[in-house]
Amino acid sequence: MTFFNSTCRAVLMAAAGCIAAASPALAEDGLSFDSDGATLEAGPVELTLGGRLHLDAMTYDSGAVNASDAAVRRARLELSGKITDAVRFRVDREFAGTDGWRNAWVSLRPAKGLEVTGGNFTVPFSLEEAQSSNAITFVERSPISALAPGFGLGVAGKVAQDNWTISGGYFDDALDDADGRTKERGRGFAGRATFAPLKARSQFLHLGAAYEHRSFRADEVLRFSYGMGSNLAPNLITTNTIAAPSKLNSVGVEAAYAFKSLQVQGQFVSTSVSRNLAPELNYGAWYGQVSWMLTGQKYGYSRGSGAPSGPTLGKKGGVELAARYGQLDLDDASLDRGKLSSLALGATWYINRNLRLMANYVRSERTDTLVSGDRSADLGVARFQVAF
C-alpha cells in the first residue's frame, strides 16, 4: 500500500511537471476550461484537472433519537489524461469522510471498442455504480449498494459496440474504504453485460445482467450494511461482522427505459455467502425508481458505460422530480438481521452542468428481526454540489 501511495504521488508530481514543462506551448496548444475542469492539450497529450464538492445537511427522527448534522460528503480532486486515443489514465483522491484513493488506473485501447484497464476502479457489476455520484438521481444510492462491490483493485477488459457492452475482470480488495462500505470483498471474477435494443433520439431501452464470484482467506471477514438515505445518518440495518466466509456469489439484473423527459429504472441483486463450518447465507435487494424532468429536458444514454447518463442540460439547467422504492433483505434463518424498506422522494435543481441543488425525503423501516427489534426513521437531506 505504501508503494502504491508513493506511486500515485509520483504520478501527480509528474503530471504537474508536464503542465509546467508545457506552459511555454500554452499559446500554441491551449488551456481550456469547461464542465469537466481545466484541460491542457500539448501535442498528443491531454491532461484534465477536475474535482467534485458535495456539501450535505440532514435531519432525522427515528423515534427515541432525533439528530441533525452538516458536513462535506465528498471533496475530491481528479486528474485524468490521455495520449492520443490509445492510452488513458485517472487518479482521484478523496479528502472528506473516509478519505483515500478512489480511481487510480491506466487503460489501453488497442482497437476501436476494446479497452483493457488495470488499477483501482469501479467493479463492473451494477447500473448504479456505473453512474457517477455527480449524476445519480438521489443523494445516496439505493439499498442494492449494500450488496454491490463498489471499487476494487484489479484488471478488466471491456468490449463496447453501438448498442451493447461486455466487461469483466479479476479483482481484489479496493485500496481504501469508502463511506458506507468497507474495502474487504475477497478476490475473484466480476462481469457485466448490457444491451440497448432501442436507442433513438427521444428514447432508449436498457437491459443488463451481472455476475460476481469471490473467495476469502481464512482470516478475512465480511459485512453488509445500509443507512437511512444519508451518509451522515447512522446505519439502520447491518449484518455486523460475518466471520469465516469462504465464497461469495452475486447475480444482478437491471433495466431502464426513457421516453423524452421521463425515465424509469430498476435493479435486483441476489447474494449468497458460503462460510466455513457454518450454514450458507442468502441475501437480496431490489429497487425501482421513476424520474421526470419538469422542465422538459431529455434523458441521455452512455454507450461507453452502458448506462443512463442523466438529463441532457442546456445553459439554463432544469428541474427534476423523482421517487424510488427499494428493499434490502438480510433476514436469513442462520443470521437474523431483518429487512429494510426505503421510500425516497427527491427534487433536484440543475443550475447548470457544474452546479446542482438536491433535496430528498426518505422514509425507512426495518422489520423481521428479533435481534434489535423493528425500527422506522424519517430523514430529510439537502445537498449543494459543485462538479468541475
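Bear in mind that the values in this text are calculations on the coordinates, not laboratory data. It should be emphasised that the depicted structure is a prediction, and the values quoted were computed from it without experimental measurement. Cβ: placed from backbone, ideal geometry, glycine included. Neighbour counts: every protein chain shown.
Determine Rg/Rh for the range 282-388; Rg is computed over alpha-carbon atoms and Rh is the Kirkwood hydrodynamic estimate from the same atoms.
Working: Rg = 17.6 Å, Rh = 16.1 Å.
Reported Rg/Rh (Cα atoms, Kirkwood Rh): 1.10.
In the range 97-163, one over the average inverse separation of all distinct C-alpha pairs is 13.6 Å, which is the Kirkwood hydrodynamic radius.
Note on the chain: lysine pairs with Cα distance below 20 Å, sequence gap of 8 or more or different chains, count 11.
Between Lys315 and Ala38, the contour length at 0.36 nm per residue exceeds the alpha carbon distance by 97.8 nm.
Quote the relative contact order of the chain in percent (integer), defining contacts as alpha-carbon pairs under 8 Å separated by 6+ residues.
Values: 1066 pairs, mean separation 53.0, N = 388.
Relative contact order for the chain comes out at 14 percent.
Placing pseudo-labels 7 Å out from each Cα toward the beta carbon at Ala86 and Ser270 gives an inter-label distance of 4.6 nm. Rg over Rh for the range 214-373 works out to 1.06, using Cα positions for both radii and the Kirkwood form for Rh. Rounded to the nearest Hz, the phi-derived 3J(HN,Hα) couplings of the range 46-62 under the Karplus curve 6.51 cos²θ - 1.76 cosθ + 1.60 (θ = phi - 60°) are 10, 10, 10, 10, x, x, 8, 9, 10, 9, 10, 9, 9, 9, 9, 9, 10, where x marks glycine and proline. Just to be sure I understand: with springs between alpha-carbon atoms less than 10 Å apart, which residue in Leu345, Leu294, Leu153 has the highest mean-square fluctuation in the Gaussian network model of the chain? Between Leu345, Leu294, Leu153, it is Leu294 that shows the largest mean-square fluctuation.
Coupling constants for the range 275-286 follow from the phi torsions by the Karplus curve (6.51 cos²θ - 1.76 cosθ + 1.60, θ = phi - 60°), and in residue order they are 10, 6, 6, 8, x, 5, 9, 10, 10, x, 7, 7 Hz; glycine and proline get x. For the range 41-86, the normalised intensity computed at q = 0.14, 0.22, 0.23, 0.26 Å⁻¹ comes to -0.56, -0.81, -0.83, -0.90 (log10 of I(q)/I(0), Debye sum over alpha carbons, equal scatterers, no solvent).
Among 97-104, 133-140, how do they line up from the highest to the lowest mean number of other beta-carbon atoms within 10 Å?
133-140, 97-104
At full extension, Leu277 and Phe189 could sit 29.3 nm farther apart than now, given 0.36 nm per residue minus the alpha carbon distance.
Note on the range 67-204: along the principal axes its Cα atoms extend 50, 34, 30 Å, ordered by decreasing extent. So the label point goes 7 Å from the Cα of Ala111 along Cα→C-beta, right? Which residues of the range 297-322 then have their backbone N under 19 Å from it? From the range 297-322, the list is 304. Where the alpha-carbon atoms of the chain are placed on the principal axes, they occupy 69, 50, 43 Å, in descending order.
Considering every Cα-Cα pair within the range 30-138, what fraction, in whole percent, is farther apart than 16 Å? Please list the in-between numbers first.
On the way: 4179 of 5886 pairs.
Distances greater than 16 Å cover 71 percent of the Cα pairs.
Report the equivalent ellipsoid semi-axes for the range 338-388 in whole Å, largest first, defined as the square roots of five times the eigenvalues of the gyration tensor built from alpha carbon atoms. Largest first, the range 338-388 gives 33, 9, 8 Å. The modelled label-to-label distance for the pair Asp219/Asp378, using points 7 Å beyond Cα in the direction of Cβ, is 4.9 nm.
Magnitude of the charge dipole for the chain, about its Cα centre and with charges confined to Cβ atoms of Lys, Arg (+1) and Asp, Glu (-1), is about 780 debye. Taking the inverse of the mean 1/r over every pair of distinct Cα atoms in the range 191-298 gives a Kirkwood hydrodynamic radius of 16.6 Å. The C-alpha atoms of the chain define a longest principal axis, and helix 2-22 lies at about 30 degrees to it.
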